[in-house]
Structures are given as C-alpha cells and as structure tokens.
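The values are calculated or read from the model by the stated rules, or taken from the named source; none is laboratory data. Quick caveat: nothing in here was measured; it's all calculated off a predicted structure. Glycine also receives a Cβ, built like all others from the backbone with ideal geometry; neighbour counts cover every protein chain displayed. Please note that ligands, DNA and RNA were not included when accessible areas were found on the heavy atoms of the full protein model with its side chains. Shrake-Rupley method; radii C 1.70, N 1.55, O 1.52, S 1.80 Å.
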Amino acid sequence: MLLGVNIDHVATLRQARYAQMLDSENAEPSVLGAAFAAQRGGADSITIHVRGDRRHMQDADARLIRKEVKLPLNLEMGNTPEMVEFALSLKPDFVCLVPETREEITTEGGLDAVLHEAELKPTIEALSQAGIKVSLFIDPCVAQVEAAARLKAPMVELHTGAFANATGMDKQVEVEKLVVAATTAHHLGIQVNAGHGINYQNIELLQYVPHLHELNIGHTIISKAIFVGLEEAVSEMKQLVGSLVTKPLL
Ligand code: PXP
C-alpha cells in the first residue's frame, strides 16, 4: 500500500502570516521544502489541494512542486472550468475531484457523483485525454462507486472522515461501509484509494478494508511533524502503511 502525503497545512501556516507577502524572503514555511521532506521520509506521492479561493496552496506552489519534485503529484480540485484549465496546464499525474464549499475548513463530504454525473463527464474525459489519471473523492457508498464506474473514472478515493470520527459500535459500521465500497469498486475495475481523517491510531482498522492502493494523509502527519520533524513523521506513517496486511472483517 502506498502513502500520499497532503501538505496543504504547510501552505495554510504560511498564508496565515504571509498571504500578502508571498514574494518576501521571510515567507515560511516552504511548501517545496515540505514536499522534499515528505519525499525523504518515504512518501509515494505528494497531494496538494488548489482551492478555488486559493486559501492555502497557490498556483505558483503547484507549479514549483511539479517542476522540482520527482514524486507523482496528486492535485485535488473542484470541478470548475477554471480548475480544469489549470490542471491541463499543470499536468499533474493525478487529479482528485473533490467538492468545495467556501465555508468549510477542509473537505467535509464526498463528491456526489450521482447528482453531478453530467458535469463530471466532460471533465473526466478532458483530463483523461491529457493523460491525467482521475480520481473521485466519494463517500463509501455503492451508488457513488457505480456512478464512478459509469463515468469511467479509473480511481476513487473513499472518504474516511465518517470512519475517523465514529466512536463505539459506529466505528465497525463505518469500516463495513468501506469494505463494501472498496470491494464493489475493485470488482468494477476501479483503483481504490482512501483518505481524510486517517491518523497514526485509526489506520490499524483499515487492515479490514480490502484492495486499498494508496492512502492520502495530511493533518496527522503535519501535526506530528511539529514535534518530530516532517521527514520523521512521514517515515513513521510510511512504516504503518507498509505494515498493513489486509484481513477479513469477521
Ligand atoms: N483526501 C482528500 C480528498 C482531502 O480533501 C484531504 C484533506 O481534507 C485528505 C485526503 C487528507 O485528509 P487529512 O488531512 O484529514 O489527513
């Protein structure tokens, strides 16, 4: 299983102080430096979310990372004409289409691929024709997976937020939803990734979810990095990801 490291929070921290002074030599922390540190720690890909409101990652960050970092780049973005144009010029390895609303601090729910099938179709076609592998960030729900299959999306990223936030018996229910969604996607020939809210503790439960190819993880890694450094934080997560052996959920 692979580890994609989401470094948006590094840009969030920089923007908190330097949003109006990005060219200043004082503008820190460096998102490019973060991408390199993640690479040294064993990341298999770098994920950045360039939001419509550019609240954290900027176009220039994306272009610099694309140019300088050899790891595959996963661009998360909303399905808007502006972002499609940006993706076609950036040419990341992967695009993960996510829902975006202005108010949310981070991505809160999955993309409704059933509701938005008509708008998603031309975007997926345009990106695919440009050689970009498209993923849909969806809730772990069979109807969403089936919509992804109809749209010929080669990958889905199952939203693990509800799983991460569930407590008690609800945790098992959320794991079961992930198992069913992952199994369905796999049978439909779709690569299965997962992300949002995965941390150093709850990752263990993902051993029950079959067919996971890549986990995209941000918040917990950046949080740990405050204490141990980013390279070490990524390296510890990479070990956990690498040691996950899928088991049946009894
Ligand atoms: N995957 C997607 C699509 C996301 O939008 C995010 C960030 O919200 C993540 C993964 C990473 O989530 P987290 O920061 O909770 O690890």
Checking 124, 132, 190, 203 in turn, the sole residue that is open to solvent by less than 70 Å² (accessible area, probe 1.4 Å), within 13 Å of the ligand (Cβ to nearest atom) and β-branched (Val, Ile, Thr) turns out to be 203
Within segment 17-31, does at least one residue satisfy the condition of being among the hydroxyl-bearing types (Ser, Thr, Tyr) and part of a loop (DSSP other than H, G, I, E, B)? yes
Across segment 44-72, what is the number of residues that are assigned to a loop (DSSP other than H, G, I, E, B) and not small (Gly, Ala, Ser)? 13
Which members of segment 79-99 meet the condition of being in a loop (DSSP other than H, G, I, E, B) and surrounded by fewer than 19 Cβ atoms within 10 Å (Cβ to Cβ)? 80, 91, 93, 99
Between a first residue in segment 58-72 that is without any contact (Cβ under 8 Å) to a residue 40 or more places away in the chain and at positive phi and a second residue that is of a type outside the set (Asp, Glu) and open to solvent by 30 Å² or more (accessible area, probe 1.4 Å), which pairs have beta carbons less than 8 Å apart while being 6 or more apart in sequence or on different chains? none
Cβ-Cβ distance below 8 Å, separation of 6 or more or different chains: which pairs start in segment 214-233 with a residue that is closer than 15 Å to residue 43 by Cα and end on one that is at pLDDT below 95? 219/106
Please identify the pairs in which a residue from segment 234-250 that is free of Cβ contacts under 8 Å to residues at least 60 places away in the same chain has its Cβ atom under 8 Å from the Cβ atom of a residue that is part of a helix (DSSP H, G or I) and of a type in the set (S, T, N, Q), counting only partners at least 6 apart or on another chain. 245/207; 246/207; 247/207
Within segment 153-173, identify whether any single residue is open to solvent by less than 40 Å² (accessible area, probe 1.4 Å), within 16 Å of the ligand (Cβ to nearest atom) and without any contact (Cβ under 8 Å) to a residue 24 or more places away in the chain, and answer yes or no. yes
Could you pull out the residue among 115, 111, 75 that is without any contact (Cβ under 8 Å) to a residue 40 or more places away in the chain, open to solvent by less than 50 Å² (accessible area, probe 1.4 Å) and assigned to a loop (DSSP other than H, G, I, E, B)? 111
Of the residues 27, 43, 87, 35, which is touching a strand residue (DSSP E or B) at 6+ places or on another chain (Cβ under 8 Å) and more than 18 Å from residue 215 (Cβ to Cβ)? 87
